[in-house]
Amino acid sequence: FLAFLPLFVSPSHSSPTTQMIILGFMFMAMTLVIFILYGISANGVRRYVVNSPRVILWLQRSFAATFASLGIKLAMTEQ
């Protein structure tokens, strides 16, 4: 973050420190908005998954297959 932000600070500006602080707060505000949108989207996906037995069954089978394949891979490794 601190490596890229100074690229946008004008050295001819009267107070580069103030400019850095303002840009930092703008970045934090934009990040907050994005995280809020992620949370709202995740809530919608969660509702769909929880209310769909077909999706739950697919997830359970996918996790079971993944763990089984990892177990087989672990069993086949040489010491």
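Here are a few things to note about the model shown:
- Answer from 54, 46 - the residue that is modelled with pLDDT of 90 or more and surrounded by 10 or more Cβ atoms within 10 Å (Cβ to Cβ): 46
- The stretch 1-24, residues that are assigned to a loop (DSSP other than H, G, I, E, B) and either of a type in the set (A, V, I, L, M) or in contact (Cβ under 8 Å) with a residue 40 or more places away in the chain (or both): 2, 3, 9
- Qualifying positions in the stretch 25-54 - among the hydroxyl-bearing types (Ser, Thr, Tyr) and part of a helix (DSSP H, G or I): 31, 38, 41, 48
- The set of residues in the stretch 1-48 being in contact with a helix residue (DSSP H, G or I) (Cβ under 9 Å, 6 or more places away or on another chain) and closer than 30 Å to residue 59 by Cα consists of 48 alone.
The values are calculated or read from the model by the stated rules, or taken from the named source; none is laboratory data. Since the structure is predicted, the reported quantities are computational estimates derived from the model, not experimental observations. When we count neighbours, we look across all protein chains shown, and the Cβ atoms used for this are built from the backbone with ideal geometry, even at glycine.
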